[in-house]
Amino acid sequence: MDWSNTKTLFIITFLILNIFLGLQLVQKKDGSQLDLLTELSVDEKFAQEEITYRPLPKEPKESSYISGKIKIFSEEDVENLKNQDIDIATPGLLKGVFQNPIKLSLTDFPKINQFVRENMIFGDSYAVWDVDEESKTVVLFQQYKNRFIFNTSNISGLLILDLNDKNEVISYQQTLITDVEEHEGEELITPIQTLEMLFNNDHLKSGSNVTKVEIGYYPLVPFSESQLLAPTWHIVIDEKTDIFVNAIEGQIIKKTE
């Protein structure tokens, strides 16, 4: 066997192999650059799909799960309430009936909040969530550090005012979460990441308008004496769809129309 010819054959073979691998590398690099060029940002995707949103909150970037207990109301708690007949027979539930109904302006939320502070125990723990003129009710949610505890499927931390035809408060029902403790802080999924996730999972459709994004808490164990609540993004779409997303883990907790 001619060693000189064999050596030349090996050299040619390696040259061909190197050229082939070099071409593959160039094609892969070009392909990666093309992917980068064609990959759109979230805002570009939303612009193409005509999805709009209002300015998103920049804070908080970190929060924690919180836990608490259902408040069991006592006679001592309610002894100073005036102009009311009180019923605390059901543990964790306070029912009040006004002896002289009190008129409210249903469009003035600060005045409603003030009425609650002045007439209910722990009244400064609640803020107006919704006014339903058809059912003649005002719904207030408990807040923790100025963030709503969303109670769309839970009875804890809830205050409901019942009205008559003159928009006077005639009675109410109240529950409260107490002994709140914070757990270890964790990084939150950002609002824009949350919207992108909703878009990718077909919950945010073309032409949608995101009208509200706010942070709060959502009870994970409904109707339990001990409550665990997750930091939660509340997303409102087109003023009619409410979506609650766990702000740490990213899953949808609840969606309501």
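Residues checked against (1) in a loop (DSSP other than H, G, I, E, B); (2) over 13 Å from Pro191 (Cα atoms); (3) in contact (Cβ under 8 Å) with a residue 24 or more places away in the chain:
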residue	(1), (2), (3)
Ile215	no, no, yes
Tyr218	no, yes, yes
Val221	yes, yes, no
Leu228	no, yes, yes
His234	no, no, yes
Asp242	no, yes, yes
Ile248	yes, no, yes
Lys255	no, yes, yes
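Taken over the range 57-86, residues that are more than 24 Å from Leu228 (Cβ to Cβ), in contact with a Gly (Cβ under 8 Å, 6 or more places away or on another chain) and not hydrophobic (A, V, I, L, M, F, W, C) amount to 2. If you check Ile149 against the conditions, is it assigned by TED's automatic domain parsing to the domain that holds Ser74, under 20 Å from Lys61 (Cα atoms) and not aromatic (Phe, Trp, Tyr)? Answer is yes for this residue. No other residue among Asp165, Asp202 is in the same structural domain as Lys103 (by TED's automatic domain parsing), surrounded by fewer than 21 Cβ atoms within 10 Å (Cβ to Cβ) and either in contact with a helix residue (DSSP H, G or I) (Cβ under 6 Å, 6 or more places away or on another chain) or outside any strand (DSSP E or B) (or both) apart from Asp165. Can you name the number of the only condition in (1) closer than 30 Å to Gln84 by Cβ; (2) without any contact (Cβ under 8 Å) to a residue 24 or more places away in the chain that Asn164 fails? Result: Asn164 fails condition (2) only. Of all positions in the range 201-220, none carries a residue that is among the aliphatic types (A, V, I, L, M), more than 30 Å from Phe122 (Cα to Cα) and within 13 Å of the chain's Cα centre (by Cα).
Scanning the range 100-136 for residues that are in a strand (DSSP E or B) and under 23 Å from Ser156 (Cα atoms) yields Tyr126, Ala127, Val128, Trp129, Asp130, Val131, Asp132. Among the residues of the range 148-162, those identified as surrounded by fewer than 20 Cβ atoms within 10 Å (Cβ to Cβ) and not in a strand (DSSP E or B) are Thr152, Ser153, Ile155. Remark: Leu104 matches the filter, which requires a residue to be surrounded by 11 or more Cβ atoms within 10 Å (Cβ to Cβ) and more than 29 Å from Asn209 (Cα to Cα).
Kindly establish whether Val139 is surrounded by fewer than 18 Cβ atoms within 10 Å (Cβ to Cβ), part of a strand (DSSP E or B) and within 22 Å of the chain's Cα centre (by Cα). In short, yes. Candidates are the residues of the range 58-82 that are of a type in the set (Asp, Glu) and outside any loop (DSSP other than H, G, I, E, B); the one that is nearest to Gly216 (Cα to Cα) is Glu62.
Of the residues screened, Tyr126 is not one that is aromatic (Phe, Trp, Tyr), touching a residue at least 60 places away in the same chain (Cβ under 8 Å) and buried (at least 16 other Cβ atoms within 10 Å of the Cβ).
Just one of the listed residues (Ile11, Ile88) is at pLDDT 95 or above and either in contact with a Ser or Thr (Cβ under 7 Å, 6 or more places away or on another chain) or at negative phi (or both), namely Ile88.
Thr194 meets all of the listed conditions (1) within 17 Å of Asp242 (Cα to Cα); (2) in contact with a helix residue (DSSP H, G or I) (Cβ under 8 Å, 6 or more places away or on another chain) but one, namely (2).
The values are calculated or read from the model by the stated rules, or taken from the named source; none is laboratory data. Please read all numbers here as calculations on a predicted model, not as lab measurements. So basically every Cβ, Gly included, is an ideal-geometry build from the backbone, and we count neighbours across all protein chains shown.
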